[in-house]
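Report on the structure given below.
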Amino acid sequence: MNAVQMAAVDGITIAKRNVIKIKRVPDLLVFTVMSPIMFVLLFAFVFGSVIDMPGISYREFLIAGIFTQTVIFGGTWTGLGLVEDLQKGIIDRFRSLPMSPAAVLIGRTTSDIIINVVSLVVMSLTGLLVGWRIRTSFPEALAGFALLLLFAYAFSWVMAVVGLWIRTPEVYNNATFMVIFPLTFIANTFVDSSRFPTVLRVIADWNPVSALTQAARELFGNTNPAMVVSDAWPMQNPIVATLLWTALILIVFVPFSIHRYQKAVSR
Amino acid sequence: MADAIVAEGLVKRYGNVTALDGMGLTVPEGTVFGLLGPNGAGKTTMVRVLTTLLKPDSGKARVAGFDVVDDARELRAHIGASGQYAAVDEYLTGAENLEMVGRLYHLGTKPSKERARELLDKFDLADAADRVVKGYSGGMRRRLDLAGALVANPRVLFLDEPTTGLDPRARIGLWDVIEELVAGGTTLLLTTQYMEEADRLADKIAVVDHGKVIALGTADELKDQIGGERIELTVNDPADLERARSALTSFAVGEIHVDANARHVTVPVADGSVALVEALGRLNLEGIKVRDVGLRRPTLDDVFLSLTGHEAEAATADDSDLAKEFSR
């Protein structure tokens, strides 16, 4: 077996193990799914009652933003799973086995895709109930969901590094908020970022989350010519920009997190 | 006989704390080697270096013929390790845990399943095989963790404080399991804080302190070195202290220690219970009233007191805590 085959085979073994946990602790999935429902309802009815979007209902504008925020939150499970494995000492066992050094990370990031798929399904249904509609073709909509999952997968590797660095669940939870809130709020996720003050607007234009959200909106057809879209390159080419961001994140964070993992020692 | 483990001059520092300070040891194949020492002595760090989890700052070590740094990947296929904290997945069943380990040793799906059942039987966990580990007792978790270390029939086995935190019954149960195991010829390196455990299981014991081996020998050799058993007694009347000393001189195999404040007399003896009965008879004959008397076996504290001149102090943090602190 070469290194790539071994990483794949061992990664599947670890992913299976993680899926068994999802099955045995269903509360985990229940609450993971409840929070996006809450977000859809809160934003749709609280913000939606005061925000007017040109040419489009706020709820239709909002849903792609909530999708983005939720799949990025989904990435935090990756770090949390690793922190728990470190706490419980099982990482020591894995590291003393002749398995691929990438397998625990590959397995973890892979099994976390399942959580995001379930979240997306539930959010889509909730969105449809509050007035969100897909106005493009089926393949385009599918591409939209695929892009969300792909970016979320890459982001999982970022949170893997955070988890391996921080190592305590309580601190990790706080640290994720520090990463995720600015990332998802200084963006076009919930409001029209073209009306931000200059500094925030520039950050929002180049924030990968904005590119992803804009790409999702275009692929679901939740845009309107009356809406101002920034001239910044990522906002004009959001799909390409998202793919480039995804590749860049993977190129940097996959080797980085494997390096951190090899140095990580339980307790 | 070839040596299964050879380590020389291992050094590992965390910041300005030295966990291993030139530690070295040699373990011949098919023998049991005990690393005895208090928390913070460097035992866990040593096991982590030998099981490829940590790279030493300097020094060399070979296990089963493989260098722990240069050949780490190949070495892992030939060792099994079980840590101080049972490294099992509590959301999987016992069988699922062992099957997963088998697959990660690349034994294949079917052999992994068979091996799992075999080990669960052997470790008296067959009835609990399909139950989720969350419901296991501490002793059951340890047995499962130990089984996990044996999945690939390793040539060299490392057990880091295998019985710490277990109740006496579970401890004795685990000792039986380990004894059976090493009877089959596995080389074992075991760390422990308990003299009794090292005594029962190890062919050779290294006493470690501050990251170094400070004494090496069989259990008997070490006990001889630290004086073996002793009679400890307290007399009623301080005036009897010196009389007691001279009455007991003939039983002593070393220097008799008298503590006037506590009215204590400590007499190192060779043949414990016989000496105790005879000594009491002699004291009775002399009319010396004894308030309290007992026969004491050497403890880890005695080993430390005798070897280092200081008590085996409860370290402020054990070395695994340090590892966590400094590996960030």
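The values are calculated or read from the model by the stated rules, or taken from the named source; none is laboratory data. Owing to the predicted nature of the structure, the values given are computational and were not obtained by experimental measurement. All Cβ positions, glycine included, derive from the backbone under ideal geometry; neighbour counts span all protein chains shown.
At a glance:
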read-out	value
Considering residues of segment B:132-152 that are away from chain A (no Cβ under 11 Å), more than 21 Å from the chain's Cα centre (by Cα) and surrounded by fewer than 20 Cβ atoms within 10 Å (Cβ to Cβ) only, the residue nearest to B:I178 (Cα to Cα)	B:S137
Those residues of segment B:74-85 which are touching a residue at least 12 places away in the same chain (Cβ under 8 Å) and over 26 Å from B:T218 (Cβ atoms), in sequence order	B:L75, B:R76, B:A77, B:H78, B:G83
Residue within segment B:131-151 that is out of contact with any helix residue (DSSP H, G or I) (no Cβ under 8 Å at 6 or more places or on another chain), closer than 26 Å to B:T45 by Cβ and of a type in the set (V, I, T) present	no
Matching option when the condition is closer than 29 Å to B:G65 by Cβ, surrounded by fewer than 16 Cβ atoms within 10 Å (Cβ to Cβ) and modelled with pLDDT under 85, among B:E179, B:E242, B:E221	B:E221
Residue in segment A:250-266 that is within 14 Å of chain B (Cβ to nearest Cβ), of a type in the set (G, A, S) and either crowded, with 19+ Cβ neighbours inside 10 Å or within 19 Å of the chain's Cα centre (by Cα) (or both) present	yes
Lone qualifier among B:D203, B:D209, B:D199, B:D176 - being under 19 Å from the mean Cα position of the chain (by Cα), free of Cβ contacts under 8 Å to residues at least 60 places away in the same chain and under 14 Å from B:G34 (Cα atoms)	B:D199
Helices (runs of 4 or more DSSP H) contained in segment B:260-328 and holding at least 2 residues modelled with pLDDT of 85 or more	B:272-286
Any helices (runs of 4 or more DSSP H) falling wholly within segment A:1-114 and containing at least 3 residues that are farther than 19 Å from A:V191 by Cβ and at pLDDT 95 or above	A:3-24
Positions within segment B:21-46 being aliphatic (A, V, I, L, M) and away from chain A (no Cβ under 14 Å), in sequence order	B:M23, B:L25, B:V27, B:V32, B:L35, B:L36, B:A41
Filtered residue count, segment A:62-78, keeping only those that are under 13 Å from A:Y172 (Cβ atoms), in contact with a Ser or Thr (Cβ under 7 Å, 6 or more places away or on another chain) and of a type outside the set (V, I, T)	1
Selected residue (only one of B:V151, B:V156, B:V133, B:V63 is without any contact (Cβ under 8 Å) to a residue 60 or more places away in the chain and of a type in the set (V, I, T))	B:V133
B:I214 being closer than 19 Å to B:D21 by Cα, surrounded by fewer than 22 Cβ atoms within 10 Å (Cβ to Cβ) and modelled with pLDDT of 80 or more	yes
Yes/no for A:V71 being under 12 Å from the mean Cα position of the chain (by Cα) and either within 14 Å of chain B (Cβ to nearest Cβ) or of a type outside the set (D, E, K, R) (or both)	yes
Residue selected from segment A:1-40 under the condition out of contact with any helix residue (DSSP H, G or I) (no Cβ under 7 Å at 6 or more places or on another chain) and within 15 Å of A:S119 (Cα to Cα), by the criterion farthest from the other protein chains (Cβ to nearest Cβ)	A:M38
Subset of segment A:23-49 that is small (G, A, S) and surrounded by 11 or more Cβ atoms within 10 Å (Cβ to Cβ) - its residue that is farthest from A:V228 (Cα to Cα)	A:S35
Per-region count, segment A:178-222, residues within 24 Å of A:L128 (Cβ to Cβ) and among the acidic types (D, E)	2
Top-ranked residue in segment B:86-131 [being of a type in the set (F, W, Y) and more than 17 Å from A:L97 (Cα to Cα); ranked as farthest from the other protein chains (Cβ to nearest Cβ)]	B:F123
Failed condition for B:S82, given (1) at the interface with chain A (Cβ under 10 Å from one of its Cβ atoms); (2) surrounded by fewer than 23 Cβ atoms within 10 Å (Cβ to Cβ); (3) of a type outside the set (F, W, Y)	(2)
Any hit, segment A:228-248, residues being touching a Pro at 6+ places or on another chain (Cβ under 6 Å), without any contact (Cβ under 8 Å) to a residue 60 or more places away in the chain and closer than 20 Å to A:A154 by Cβ	yes
Meets criteria (among the small types (G, A, S) and under 16 Å from B:L216 (Cα atoms)) for B:G37	yes
Any hit, segment A:155-172, residues being part of a helix (DSSP H, G or I) and within 28 Å of A:V228 (Cβ to Cβ)	yes
Candidate set from segment B:47-79 (those that are in contact with a Lys or Arg (Cβ under 6 Å, 6 or more places away or on another chain) and more than 7 Å from every other protein chain (Cβ to nearest Cβ)); member that is nearest to B:D121 (Cα to Cα)	B:H78
Close pairs from segment B:26-37: first touching a residue at least 12 places away in the same chain (Cβ under 8 Å) and farther than 21 Å from B:Q84 by Cα, partner among the small types (G, A, S) and not in a strand (DSSP E or B), Cβ under 6 Å, at least 6 apart	B:E29/B:A2; B:G30/B:G185
Qualifying residue in segment B:22-45 (condition: within 30 Å of A:A7 (Cβ to Cβ) and of a type in the set (D, E))	no
Number of the condition not met by A:I115 [criteria: (1) touching a residue at least 60 places away in the same chain (Cβ under 8 Å); (2) among the aliphatic types (A, V, I, L, M); (3) within 14 Å of chain B (Cβ to nearest Cβ)]	(3)
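Table: residues versus (1) in contact (Cβ under 8 Å) with a residue 24 or more places away in the chain; (2) within 14 Å of chain B (Cβ to nearest Cβ); (3) surrounded by fewer than 24 Cβ atoms within 10 Å (Cβ to Cβ).
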{"residue": "A:I51", "(1), (2), (3)": "yes, no, yes"}
{"residue": "A:P54", "(1), (2), (3)": "yes, no, yes"}
{"residue": "A:G65", "(1), (2), (3)": "yes, no, no"}
{"residue": "A:L82", "(1), (2), (3)": "yes, yes, no"}
{"residue": "A:G89", "(1), (2), (3)": "yes, yes, yes"}
{"residue": "A:S100", "(1), (2), (3)": "yes, yes, no"}
{"residue": "A:I106", "(1), (2), (3)": "yes, yes, yes"}
